[in-house]
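Engineer: Just dropping this structure here.
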Amino acid sequence: MKDPKFVTGFTGPEIYIALERGELDAHATGAARFVIEKPEWIEKKLVHFHTTLTVPKGRHHPTFSKLPELGSFAKAEVERRLLDMFRAFQYPRWPYLFPPGTPNAPVQIIREAIRKAFADPEFPVEYKKLMGDPPAPLDGEELERAIKELPRDKEVVQLYKKMAGGDPLPTR
């Protein structure tokens, strides 16, 4: 794209309407959501997929398992760290979050309860029934590690803010 314009703040259904009308040229979205919401676009080859950004890293949706991971195109360390930041912001869709200083005992009780729920053989069945895709939850330790490893250097944070906004992307 020579002069991309970014539209932020809209939901999937609104974006899909704009794509169908030719008002948008591209859309970045979670693979599982797209497979659920627009399977006919995939079946009729109305859309073309070029890469994935797996969250967590390495967990591909089966439909997109042959696509390269976006991180393979990163040319610089700052680009890799930017993708790590984006990926880390996708993780907290599953957990319960506690404020700093929460005693360890209640945290461990909740972690164990969540582990048991995810291990229940009915959980993936019910989840898939509701969501159309198998679950890929992170346990508390994985999420805690991802948040601790979240890039915090100014250059990456500023670049992330630029990427999340509506302005043109910076040149490479």
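Engineer: Compare THR51, THR171 by solvent-accessible area with a 1.4 Å probe and give them largest first, with all protein chains kept in place.
Structural biologist: Details: THR51 50, THR171 135 Å².
Reading off the accessible areas and sorting them downward yields THR171, THR51.
Engineer: Further question: Applying a 10 Å radius around every beta-carbon, put 148-154, 110-116 in order of their mean neighbour count, most first. Mind dumping the intermediate values first?
Structural biologist: Values: 148-154: 11.9, 110-116: 13.6.
Top to bottom by mean Cβ count within 10 Å: 110-116, 148-154.
Engineer: Still on this model: What FRET efficiency comes out for the pair ALA76/PHE123, r = Cβ-Cβ distance, R0 = 45 Å, nearest 0.05?
Structural biologist: Working: r = 40 Å, r/R0 = 0.90.
Rounded to the nearest 0.05, the efficiency is 0.65.
Engineer: Can you work out ³J(HN,Hα) from phi for every residue in region 69-81, in order, using Karplus 6.51 cos²θ - 1.76 cosθ + 1.60 and θ = phi - 60°, giving whole Hz and x for Gly and Pro?
Structural biologist: So the J values, rounded to whole Hz, are 7, 3, x, 5, 9, 5, 9, 9, 4, 4, 5, 5, 5.
Engineer: Another question about this same structure. Beyond 26 Å between alpha-carbons counts as too far, so tell me which of LYS129/LYS162; LYS44/LYS129; LYS128/LYS161; LYS116/LYS148 fall in that bin. Mind dumping the intermediate values first?
Structural biologist: On the way: LYS129/LYS162 37 Å; LYS44/LYS129 24 Å; LYS128/LYS161 33 Å; LYS116/LYS148 24 Å.
Listed pairs above 26 Å: LYS129/LYS162; LYS128/LYS161.
The values are calculated or read from the model by the stated rules, or taken from the named source; none is laboratory data. Quick caveat, the model's predicted, so the values are computed rather than measured. Cβ: placed from backbone, ideal geometry, glycine included. Neighbour counts: every protein chain shown. Accessible surface is based on the protein model in full, side chains and every heavy atom, while ligands, DNA and RNA are left aside. Shrake-Rupley method; radii C 1.70, N 1.55, O 1.52, S 1.80 Å.
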